[in-house]
Amino acid sequence: MLRLDQIKLNPDQKEDALRARAAKLLRVAAGDILSLRVLRRAVDAREELTLVYTLAAEVRNEQQVLRRCHDRRVSVYEPKLYALPDAVAAPEIRPIVVGAGPAGLFAALVLSRCGARPILLERGQPTERRVRDVEAFWSGGELDTESNVQFGEGGAGAFSDGKLNTGTRDLRHRWILEQMVACGAPDTILTDAKPHVGTDKLHITLQNLRRELQNHGADIRFGHRLDKVHVKDGRLTAIDVTGPEGTYTLPARQVILAPGHSARDTFAMLHTAGAAMEQKPFAVGVRIEHRQADMDAVQYKTYAGHPGLGAASYKLACHLPDGRSAFSFCVCPGGQVVAAASETGQVVTNGMSEYARDRENINGALLINVTPADFGSDHPLAGVEFQRKLEKDAFALGGGDYRAPCQRLADFLAGRPSTGPGSVLPSYRPGVVYTDLHRCLPPFVAKAMEHALPLLEQRLRGYAQPDALLTAVESRSSSPVRIIRDGSGQSNIRGLYPCGEGAGYAGGILSAAADGIRAAEQILNTIREDTP
């Protein structure tokens, strides 16, 4: 097989034209191409908008074609594929996975496929009930602190854009995508340069993945929260779990801890138990919301609205004079700003898109980096308290009923309260209160945003348009704590394997899932070594 890079079409051309382009590059007749497969598809909107493809081609007389074709865009295609570890005999004390976000789900999938029959504990609810609980909260009902945007099957990513791109390279990534497609995710995630599932498709995928786990012997327990770890001579011996019928104890030799970035009570419990952890930098800010049509027009120009392009996105960053950074995060084209609180009396915002990305607005986080020096304490959990204060201040400014404080961008830069929206209407439910965000943001964050917005406007015209809406507060971009692990993947509490975004080791669905798989591989090695 040959790999062909940088094959370009304009949006009006059909992919049938790729064969002729490939034949011309390889200097062969189209009939000499035995098969042609798209490996990657990207949109290049920097100058004249084009679709850029990477292809895998099977050709007659491959060696002759290679000798004749002297083009850097052509190379031998030798994909390296991830292989599951060898199967093990199920141990008497079953491995336990805590948390059913990406890290926990894929750790459990590998363990179950390899015969280890794990127990998967998730404090939240399965997708079907979780969707109902979240919708009830967004409609003005009570916040369920155990079933919300943060807690439940799929983790926080279950209510997001479902982005699957990552800046890291790992053989496990392709395998993860293939498992998701097998469970109902759109097959475009295998080829898109910036793949996304969308919340609606991800919910279907999660339900099918649950069935796959159960079919391979996993014991999945929803509404079961880890409350205590028992440690003897530095080694994990058991855990206490609270479920619908009360609290019970499970013997434990290996526990994969994939708690998610909002499991604050779990962090506190582990700190009390002696688990080594440290403060970690993260970022806070607001959700910025524009009309999708405006962003499409800026980036796609005459092709704006073309059905072959989808909704435009963006990725922005700048460095500020005071040494801080401002950047976009979790951009949700054609999506909505969502209420993402998991504790009472606090307002948290996030973003979400369905697969079609067809709503009126695009939103993304506008974040400013924060470091442990900003936390005001050297306690390992000081970052958690920093987040809580922001969220409580936003709750109070929003009126104390989970409405979010909101401000037009022009008013924010002018330092005056907003009294209503302009051309951009807010998508956040249960609603917004127009105000001055300087009243709930830390001064250094507000100042950094004021400096950043004109700079980001230079990178993307229309980003700092006067009617863009800022909704506060975005505070859960990543975990504020890292649970320290060694080269074997274990905490100083032996047998405890922290992983994923919540433990401080990943950033996004794909990288978290891969980190969970690595933890499962380490446990399988341990089980294999302990087997007589």
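The values are calculated or read from the model by the stated rules, or taken from the named source; none is laboratory data. It should be emphasised that the depicted structure is a prediction, and the values quoted were computed from it without experimental measurement. Note: ideal-geometry Cβ built from the backbone for every residue, glycine included; neighbour counts use all protein chains shown. Only protein heavy atoms, including side chains, enter the accessible area calculation; ligands, DNA and RNA are left aside. Shrake-Rupley method; radii C 1.70, N 1.55, O 1.52, S 1.80 Å.
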Using the alpha carbon gyration tensor of region 400-519, what are the three equivalent-ellipsoid semi-axes (square root of 5 times each eigenvalue), largest first, in whole Å? 38, 16, 14
So for region 138-289, what percent of the C-alpha to C-alpha distances run longer than 29 Å? 33
With 34 Å as the cut-off, how large is the P(r) tail for the chain, expressed as percent of Cα-Cα pairs? 42
Cα-centred dipole magnitude for the chain, charges only on beta-carbon of K, R (+1) and D, E (-1), debye, nearest 20: 1340
Between Asn208 and Glu47, what is the label-point separation in nm under the 7 Å Cα-to-beta-carbon projection? 4.2
Given 10 °C, 1.306 mPa s and a Kirkwood radius over Cα pairs, the Stokes-Einstein diffusion coefficient of region 55-119 in µm²/s is 101
Whole-Å distance linking the alpha carbon centroid of region 80-127 with that of region 339-358 is 28
Convex hull volume of region 195-248 per residue (C-alpha atoms, cubic angstrom): 154
Net charge, Gly462 excluded, C-beta distance under 14 Å - Lys, Arg +1, Asp, Glu -1: -1
Scale the Cα Rg of region 279-340 by the rule-of-thumb value 2.2 N^0.38 Å and send over the ratio, two decimals. 1.40
If N is the number of residues in region 69-206, what value comes out of its Cα radius of gyration divided by 2.2 N^0.38 Å? 1.27
One quarter of the C-alpha convex hull surface, i.e. the mean projected area of region 474-532 in nm², amounts to 4.3
Accessible area (Å², per residue) of region 355-468, counting only protein heavy atoms and a probe of 1.4 Å: 43
Okay, helix-only estimate at 222 nm for the chain: each DSSP H run of n ≥ 4 adds -39500 (n - 2.57), divide by all residues, round to 500 deg cm²/dmol; what do you get? -9000 deg cm²/dmol
Test of understanding: extend the Cα→C-beta vector of Tyr434 to 7 Å, then name every residue of region 401-428 with backbone N under 16 Å from that spot. 404-428
Label point 7 Å out from Ser488 along Cα-to-Cβ: which residues of region 224-238 have amide N under 17 Å? 231-238
How high is the relative contact order of region 4-105, given as a whole-number percent (alpha carbon pairs under 8 Å, six or more residues apart)? 28
How long are the semi-axes of the equivalent ellipsoid of region 427-472, defined as square roots of 5 times the Cα gyration tensor eigenvalues? Whole Å, largest first. 21, 16, 7
Explain nothing, just the number: relative contact order of region 455-505, from Cα pairs under 8 Å at least 6 residues apart, as a whole percent. 28
Computed over the chain: relative contact order in percent, which uses C-alpha pairs under 8 Å that are six or more apart: 18
Which FRET efficiency value, to the nearest 0.05, is calculated for His379 and Glu128 with the Förster distance at 30 angstrom and r the Cβ-Cβ distance? 0.15
Ellipsoid semi-axes in whole angstrom, largest first, where each is sqrt(5λ) of the Cα gyration tensor of region 1-137: 45, 24, 11
Under a no-solvent Debye model with one identical scatterer per Cα of region 130-221, what's log10 I(q)/I(0) at q = 0.22 Å⁻¹? -1.14
D (µm²/s, integer) via Stokes-Einstein for region 406-446, Kirkwood Rh across alpha-carbon pairs, 20 °C, 1.002 mPa s: value 199
May I ask what percent, to the nearest 5, of DSSP beta bridges between residues of the chain are antiparallel? 80
Hypothetical label at Leu39: residues of region 167-198 whose amide nitrogen lies under 13 Å (7 Å Cα-Cβ projection): 191
Long-range amide H contacts for Val97: which residues qualify at under 5 Å (H placed 1.01 Å from N, peptide plane, sequence gap of 5 or more or a different chain)? Ile119, Leu120, Leu121, Ile256
Ignoring any ligand, DNA or RNA, what whole percent of the accessible area of the chain comes from carbon and sulfur when the probe is 1.4 angstrom? 49
Distance in nm between label sites at Ala396 and His319, each 7 Å beyond Cα in the beta-carbon direction? 3.7
Mind jotting down the distance between the C-alpha centroids of region 1-44 and region 256-289, whole Å? 46
Cα atoms only, region 292-450: Rg and Dmax in Å? 16.9, 54
